[in-house]
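The structure appears right after this line, and notes come after that.
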Amino acid sequence: MQPMRGEDDALERAGRQARLLVVDDDRATRELIHDALECPELGVAVAHDGAQALAFLEWDFYHVVIIDLRLPDMEGLALLREIKERSPDSEAVILSAYADLGSAVEALRLGACDYMRKPLEDVSLLSKTVQRALERQELRLANRYLLDELRRANNELRRQRRRELRRLEEVGLALAGALQRDEVLEVLQRSISAALACDVLALYLLSPELGGPVLRVHTQWPLPDNLLADLCQAAREVPAPAGAVERAAANCEVSVLAAQPAAAPEALGTVASSVLATRGVCLGLVTVAAERPEAFVPEELQLLRILCNQAAVALENALLFHQAQFLATRDGLTGLLNHRTFYQRLDEEIARAKRHDAPLSLVILDTDCLKRMNDRYGHLTGDEVLRVFARLIASTVRRSDIVARYGGDEFAILLPHTTAEAAKALCERLRRRIEAHTFTVGEQAEQIGASFGIAGYDPLVDSDGTEIVRRADEALYRAKNAGRNCIATAQPAGLEGNWEG
């Protein structure tokens, strides 16, 4: 049996045809990907299960492997783990018809570079994903090649370059484990400050998805306006969207790292910039500056570019993770928390209320008009009614309150540190806002309303979220029977007879 091929073979193939392996038990999917991507620059092979894929990998190196999450002989994540052990330089893309945040996060942690949903309706998105995987592999191999060149440097620089290698390894590990934007930025700031003897580090975030445009300056001195202007001028000299640097500079945040005995210099002797970009999209810029002239040697500037390239990939992964996390926890129509996430937050708040002996209230409200709107105007109008309710609720409650679409036309509001009496006052304000809201369909004005059921947390009966939801639901049922557009409060535990709230 031939040995497994890896980095050396990948480098030999640089500039030649890339190799793609598709592992999917669905013949139509295999043929679709093969026909869409096969070209002189990309050879596509297909396998119908994990065993066949591993057999292919024994004899050839594949730059990218597309893996179906459900295979007839093994799980896709198990195949991904096996491929990464045998061929660590191969990039992997997970393909699944099941939207599972846990599987997506586990795939990223095992080394997958992307996660796509089936069916594949947008072939151009598939092509971009494969291209991104190839670019990521090329960047990693280029970085590795550079590190090997550093290892082979002359003896005088060997110790220094070993330190650089350790620093890159530490940075790579730190970035690989960072799934939040601020974590990535903190690693980037620390790694650049350690790698370059710079007095000023300016980080421009240009992408709105990353919290931009904003300029974050880490400096050894309080900088006067003329030095900030010098930083912006240097940033304009690298490729960036027109006007983006100016917009970022308008939102400048300056952090003075350490007090210096001397005042800030009148001019910066050395200023250099590098772009934070991936797949041709500019996410931001990094500008480093020092008081002394010619402060950075070419090797240090190359290291700066490598760190920026690594950080750009990590920032994009953090953005993808945030989007996947958002989609997994939100209702697609209203943008509120979904049913599953609501119950998770409910259990957390019950545990917190029990631990601190704090009040907690739950409100379940039901629209009184959705069926009428659907029957009269259609379900598109009904969907707009639900979105209006979501906006009215979100703009009435506090920022600390938890709002979810419970199901159908029901919404849930979880009110920490709130008694049932205070919850009733909030519900009355919300009821009046809904009642006074003018909902128009064409030229027709329609009145909308809602019924509310309130239950206060009772540690004697509410061991988990099931009981408090049941009591709030019963209160909502009484409110509807009482004529709708009104509020009812659940009967306290142990109280016999009728209870009016």
- Message: Quick check on my filter: what residues within region 36-48 are surrounded by fewer than 17 Cβ atoms within 10 Å (Cβ to Cβ) and more than 16 Å from Leu134 (Cα to Cα)?
- Response: Ala36
- Message: Among the numbered criteria (1) within 26 Å of the chain's Cα centre (by Cα); (2) without any contact (Cβ under 8 Å) to a residue 40 or more places away in the chain, which one does Val187 miss?
- Response: (2)
- Query: Does region 152-165 contain at least one residue that is closer than 29 Å to Leu268 by Cβ, at pLDDT 70 or above and not assigned by TED's automatic domain parsing to the domain that holds Leu37?
  - Reply: no
- Message: Go through (1) touching a helix residue (DSSP H, G or I) at 6+ places or on another chain (Cβ under 9 Å); (2) surrounded by fewer than 13 Cβ atoms within 10 Å (Cβ to Cβ); (3) more than 24 Å from Asp357 (Cβ to Cβ) for Ile393 and report which single condition fails.
- Response: (2)
- Message: For the list (1) surrounded by fewer than 16 Cβ atoms within 10 Å (Cβ to Cβ); (2) touching a Leu at 6+ places or on another chain (Cβ under 7 Å), I need the number of the one condition that Val403 fails.
- Response: (1)
- Query: Out of all the residues in region 447-470, which are of a type in the set (D, E, K, R) and out of contact with any helix residue (DSSP H, G or I) (no Cβ under 7 Å at 6 or more places or on another chain)?
  - Reply: Asp458, Glu467, Arg470
- Message: Out of Gln325, Gln344, I need the residue that is under 22 Å from the mean Cα position of the chain (by Cα) and in contact (Cβ under 8 Å) with a residue 40 or more places away in the chain. Which one?
- Response: Gln325
- The number of residues in region 26-67 that are modelled with pLDDT under 90, part of a loop (DSSP other than H, G, I, E, B) and within 17 Å of Leu95 (Cα to Cα) is 1
- Residues that are in a strand (DSSP E or B) and either of a type outside the set (Val, Ile, Thr) or not assigned by TED's automatic domain parsing to the domain that holds Ala314 (or both), drawn from region 198-251: Leu201, Ala202, Leu203, Tyr204, Leu205, Leu215, Arg216, His218
- Message: Given the criteria touching a helix residue (DSSP H, G or I) at 6+ places or on another chain (Cβ under 8 Å), farther than 30 Å from Thr396 by Cβ and acidic (Asp, Glu), does Glu291 qualify?
- Response: no
- Item | Selection status of Asp473, acidic (Asp, Glu), under 15 Å from Val363 (Cβ atoms) and out of contact with any helix residue (DSSP H, G or I) (no Cβ under 7 Å at 6 or more places or on another chain) | yes
- Query: When residues of region 310-337 are filtered for being crowded, with 17+ Cβ neighbours inside 10 Å and in contact with a Phe, Trp or Tyr (Cβ under 9 Å, 6 or more places away or on another chain), how many remain?
  - Reply: 3
- Name every residue in region 293-310 that is without any contact (Cβ under 8 Å) to a residue 40 or more places away in the chain and either of a type in the set (Val, Ile, Thr) or on the phi > 0 side of the Ramachandran plot (or both), in order of residue number. Glu294, Val297
- Would you point out the residue of region 260-288, among those that are under 36 Å from the mean Cα position of the chain (by Cα) and in a loop (DSSP other than H, G, I, E, B), that is modelled with the lowest pLDDT? Gly280
- Message: Yes or no: region 399-409 includes at least one residue that is among the β-branched types (Val, Ile, Thr), without any contact (Cβ under 8 Å) to a residue 60 or more places away in the chain and at negative phi.
- Response: no
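The values are calculated or read from the model by the stated rules, or taken from the named source; none is laboratory data. Because the structure is a prediction, the values reported are computed rather than measured. Glycine also receives a Cβ, built like all others from the backbone with ideal geometry; neighbour counts cover every protein chain displayed.
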